[in-house]
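Since the structure comes first, as structure tokens, the remarks are kept for the end.
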Amino acid sequence: MLITRRVEFSASHVCASPGLSEEENRALYGAAANPHGHGHNYALEVTLNGDPDPVTGMVFDLRELKEILQREVAGPMDHRFLNREVPPFDRIVPTTENIAAEIWRRLQPNFRGKARLSNVRLYETEDLFVDYSEAVP
Amino acid sequence: MTRLTRGYQFCAAHRLHTPALSAEKNRELYGKCNNPWGHGHNYRVEISVTGAVGPDSGQLVSVNALDKLVQRAVLCDFDHSDLNRDIAAFGSGMVPTSENVAVEIWRRLAEAWPADFPELAGVRLGETKRNIFELTNEEQ
């Protein structure tokens, strides 16, 4: 069974690769390369896969899930400039693809029990989102 | 696995009617969607791609390039059109149900898809917020 919890955070970023010139970054990322940054209301949907516990009837304690999302994602990223304040985005470009993968890396170690992390969906806007998942051993 | 989805909108008219059936049978099958002068929807279409994220760009695909492709291959023709009359695929007996509209969108995208783009993974068409039709690359 899959369960999904949603959390929102607001953050700013600049999409520009240090390996490219200003013109090349402009051509690749468009307005997202504007040097002083811009922001989004990001929405994150985290999906866990597991069987309901026979006693509690729950796949995972939703209150604990809320706390994990707050600690690993919303706490460090909400109202932050990702490039300057949230590693590794001082070194890698904070595209939606890279942020989704980083959120997976932060969350995955928290779900080593019966419920496993199944998918991370990150909305940059209502019209642009990325799904990220890895095979979990 | 990284999958990126981008949403678009187009507004179009259609009428559901198949020449293979009588007027009564059409009415029975399609209900008010068979009304003779047609009707319209604000369609929402979501295009998904999968593949590898570029190590330097951090991107699966240039969203700007994807927007231009979808605009050219689909939205230019579909937006503010009468699907039955203005889109050739629906002029020859293929009924513009959202199932068929999704298939036609897939066909057009596949035809225009650049060789250096990641894989087209899904087309999800919402006729209204309640009626949603989805095609995946496993079916294509």
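Approximating the spin labels as points 7 Å out from Cα along Cα→Cβ, the residue A:125-to-residue B:130 distance works out to 2.9 nm.
For chain B, averaging the sequence separation of C-alpha pairs within contact (under 8 Å, six or more residues apart) and dividing by the residue count gives a relative contact order of 31 percent. Summing charges over all other residues whose Cβ lies under 9 Å from the Cβ of residue B:6, with Lys and Arg as +1 and Asp and Glu as -1, gives -3.
Rounded to 0.05, the FRET efficiency of the residue A:81 and residue B:72 pair, given R0 = 30 Å and the Cβ-Cβ distance, is 0.25. So which lysines pass the test for residue B:32, namely a Cα distance under 24 Å, with those fewer than 8 places away in the same chain ruled out? Reachable lysines: B:129.
Mean partner shielding of peptide A:30-38, defined as the number of other chain Cβ atoms within 10 Å of each residue Cβ, is 1.
Using a simple spin-label model with pseudo-atoms 7 Å out from Cα toward Cβ, residue A:53 and residue A:105 lie 3.1 nm apart. Net charge dipole, segment A:22-137: roughly 420 debye, given to the nearest 20, about the Cα centre with Cβ charges of +1 for Lys and Arg and -1 for Asp and Glu. Label reach from residue A:43 (point 7 Å along Cα→C-beta): in segment A:106-128, amide nitrogens under 20 Å belong to A:118-128. For segment B:1-47, applying the loop criterion from DSSP together with a ceiling of 16 other beta carbons within 10 Å to the chymotrypsin sites (Phe, Trp or Tyr not before Pro) yields B:37. Distance between the C-alpha centers of segment A:91-137 and segment B:68-133? Whole Å please. Comparing the Cα centres of segment A:91-137 and segment B:68-133, I get a distance of 30 Å.
Measuring nothing but how far apart in sequence close Cα pairs (under 8 Å, 6+ apart) lie, relative to its length, chain A scores a relative contact order of 30 percent.
Rg then Dmax, both in Å and based on the Cα atoms of chain B: 16.6, 60.
Kirkwood hydrodynamic radius (Cα pairs, Å) of segment A:76-137? Let's see the in-between values first.
On the way: mean 1/r = 0.0790 Å⁻¹.
Over segment A:76-137, the inverse of the mean reciprocal pair distance is 12.7 Å.
When peptides B:58-71, B:12-25, A:96-109 are ranked by their average number of other Cβ atoms within 10 Å per residue, the highest-first order is A:96-109, B:58-71, B:12-25. Summing Lys and Arg as +1 and Asp and Glu as -1 over all other residues whose Cβ lies under 11 Å from the Cβ of residue A:68 gives a net charge of +1. Can you tell me how the protein assembly as shown classifies by the Cα gyration tensor, rounded, prolate or oblate, using a/c under 1.5 as the rounded cut? Oblate, because a/c is 1.5 or more while a/b does not exceed b/c.
Across the options A:69, A:49, A:86, the greatest Cα extent toward the positive end of the charge dipole of segment A:47-91 (unit charges at beta carbon of Lys, Arg, Asp, Glu) belongs to A:86. Once both labels are positioned 7 Å from their Cα atoms along Cα-to-Cβ, the gap between residue A:112 and residue B:1 label points is 2.6 nm. Based on DSSP H segments of at least four residues, each scored -39500 (n - 2.57), chain B has a per-residue ellipticity at 222 nm of -7000 deg cm²/dmol. In the frame of its principal axes, chain A has Cα extents of 59, 28, 26 Å, reported largest first.
Label zone (residue B:65, point 7 Å along Cα-to-C-beta; backbone nitrogen cut-off 19 Å) within segment A:71-106: A:93-98.
How well do other chains shield peptide B:59-65, expressed as the mean number of their Cβ atoms within 10 Å of each residue Cβ?
Working: counts 9, 4, 1, 4, 8, 6, 1.
Neighbouring Cβ atoms belonging to other protein chains average 5 per residue here.
Since every read-out is calculated from the coordinates, none of them should be taken as a lab result. These figures come from a predicted structure and were not determined experimentally. So basically every Cβ, Gly included, is an ideal-geometry build from the backbone, and we count neighbours across all protein chains shown.
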